[in-house]
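Visitor: Before we start, here is the structure in question, set down as structure tokens.
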Amino acid sequence: MSEATSTGNAVARAWDRLLHWLIDARRATYGLAVIRIGFGTMTVAILALYLPNFSYSFGQGSRWGETLFRNSAVNDYAWPIPQLFSRDDPDQLLLIKILVLMAVAVVYALGWRMRIISPLFVIMWLGFAATNPVILNTGHYQTFRIFLLFLLLADTSRRWSLDARRRARSGVDDPALGWGAWRLPRWVPILANNLAVVLIGYQLCVIYVTSALWKLQGTTWVSGVASYYPLQLEELTLFPWLNHLAWQLTPAVYVASWLSVYGQLLFPLFLLNRWTRIGGLVLVTGMHASIGILLALPWFSLMMILGDMIFVRDRSWVTAIAWVRRAPWAAAVRQPRVPDPPAEQPHPEPAGAPAASPRH
């Protein structure tokens, strides 16, 4: 066999594996459910924290930032997004709209009627973000919006949701999509779901790699200074005693700085193997947890940790759930439940096709 033929066969096998991964079954269904629950709950918590000062932040008292609002990209959002939360709304009306958004976020977290609630939540959040881009156009809020848009393609309610419970009771595991007699092929929603997984994973890799490259352009991260001094700032302190202990452990701060930089830089490579993927996820999760606790950035850290959950295979989630259910301490609180929908079976492959299916 010539070298060209061998290369062609390798490319054909790789293409076949990719197609099977994309259209055989939905990927990361548990991870997407974790993101849905986390994003909905996080939205409710953020809005609740803003409620005591909502007028100064988003209402009639927010005119302090008017000159900064005018050149914001949120002013270019398509109609009707900018009109949902107008900057000219009186505070009483704005409060009602915020409470409605909180209610929609609760329903989003519960996973009820997600074909309607998911786009409604995205549109309402984009409209709310337009009221004060000085606050809601920062880095982690931008990433939050990007993830929400990607999640529109995904079946986020397949696990741990009211929609999943309703499907299980009705006996319809995978209802057809369409109108009247017209139905989409089964592989279309599966492909959309898996494309959402790919897009979220790509976005995370871009964030990690670019962050590491920026850090490597100077000496503050390589020397550990970038972690050492922020630990001593009162503005970034949640638990003073913990920060006081952390910054005194100079070797640990130095090692943590190196691990954070090179863990982010090499993160895409960690994903290529099961065991390195586990190590990479432990590394970045520990990094974000440390940032959230020691540097008072909980929402950024939580959002990134939730996003990383798509890299955990469904098989790993099933194993972990089974282990929890077998634990002695779980027996006392175990309740009858509606079973999760069964794992999707791949399409039968045509005769002569290579029997390959990539792992996730």
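Every number in this text was worked out from the coordinates using simple rules, so none of it is lab data. Model, not experiment: these values are computed from the prediction. A quick note on method: Cβ atoms are made from the backbone with ideal geometry, for glycine too, and the neighbour counts reach across all protein chains shown.
Visitor: Report the extension gain between residue 325 and residue 195 in nm, rounded to one decimal, defined as 0.36 nm multiplied by the number of residues separating them, less their alpha carbon distance. Walk me through the numbers on the way to the answer.
Guide: Details: separation 130, 0.36 × 130 = 46.80 nm, distance 3.18 nm.
That pair, residue 325 and residue 195, stretches by 43.6 nm at full extension.
Visitor: A further question on this structure: About the Cα centre of the chain, what is the dipole size in debye to 20, counting +1 per Lys and Arg Cβ and -1 per Asp and Glu Cβ, all else neutral? Present the calculation step by step, with values, prior to reporting the outcome.
Guide: Values: 30 positive and 19 negative charges, 226 e Å.
Computed charge dipole of the chain: roughly 1080 debye.
Visitor: Let me ask another. With the contact rule set at Cα under 8 Å and sequence spacing of 6 or more, what percent relative contact order holds for the chain? Don't jump to the answer; show the numbers that get you there.
Guide: Values: 384 pairs, mean separation 91.5, N = 360.
After rounding, I find 25 percent.
Visitor: What whole number of Å gives the distance from the Cα centroid of region 2-67 to the Cα centroid of region 206-274?
Guide: 24
Visitor: Where in the chain are the DSSP H helices whose C-alpha atoms run 20 Å or more along the long axis and whose mean Kyte hydropathy is at least -1.0? Before the final figure, lay out each step's value.
Guide: On the way: long enough: 3-23 (30 Å, 0.01); 29-50 (32 Å, 1.50); 91-110 (28 Å, 2.18); 114-129 (22 Å, 1.77); 187-216 (43 Å, 1.43); 250-265 (23 Å, 0.78); 274-294 (29 Å, 0.96).
Passing helices, by number: 3-23, 29-50, 91-110, 114-129, 187-216, 250-265, 274-294.
Visitor: Still on this structure: Rounded, prolate or oblate for the chain? Axes are the square roots of the Cα gyration tensor eigenvalues, ordered a ≥ b ≥ c, and the cut-off for rounded is a/c under 1.5.
Guide: On the way: a/c = 1.61, a/b = 1.19, b/c = 1.36.
Judged from the Cα gyration tensor, the chain comes out oblate (a/c at least 1.5, b/c at or above a/b).
Visitor: Divide by every residue of the chain the summed helix terms, -39500 (n - 2.57) for each DSSP H run of at least 4, and state the resulting mean residue ellipticity at 222 nm, rounded to the nearest 500 deg cm²/dmol.
Guide: Details: 19 runs with 230 residues, N = 360.
After summing the helix terms and dividing by residue count, I get -20000 deg cm²/dmol.
Visitor: A further question on this structure: Which distance in nm do the two modelled labels at residue 241 and residue 113 give, with both placed 7 Å along the Cα-to-Cβ direction?
Guide: For residue 241 paired with residue 113, the spin-label model returns 5.0 nm.
Visitor: Sticking with this structure for a sec: Taking the Cα centre of region 205-317 as origin and charging only Cβ (+1 Lys, Arg; -1 Asp, Glu), how large is the dipole, in debye to the nearest 20? Working shown, then result.
Guide: On the way: 5 positive and 4 negative charges, 91 e Å.
Roughly 440 debye for region 205-317.
Visitor: Among residues other than residue 118 whose Cβ falls under 14 Å from its Cβ, what is the net charge (Lys/Arg +1, Asp/Glu -1)?
Guide: Working: positive: 36, 113, 115, 145, 158; negative: 155, 163.
Taking every Cβ under 14 Å from that of residue 118, the sum is +3.
Visitor: Right, next: Taking R0 as 41 Å, what FRET efficiency do you get between residue 48 and residue 14 from their Cβ-Cβ distance, rounded to the nearest 0.05? Provide the component values of the computation, followed by the final result.
Guide: Numbers: r = 48 Å, r/R0 = 1.18.
The computed FRET efficiency comes out at 0.25.
Visitor: How would you order 121-129, 268-276 from highest to lowest mean count of nearby Cβ atoms within 10 Å? Let's see the in-between values first.
Guide: Working: 121-129: 20.8, 268-276: 13.1.
So the order, starting with the most tightly packed, is 121-129, 268-276.
Visitor: Okay, next question. Dipole of the chain (Lys/Arg Cβ +1, Asp/Glu Cβ -1, origin at the Cα centre): which of 81, 207, 22 lies farthest to the positive side?
Guide: Towards the positive end, the residue furthest out is 22.
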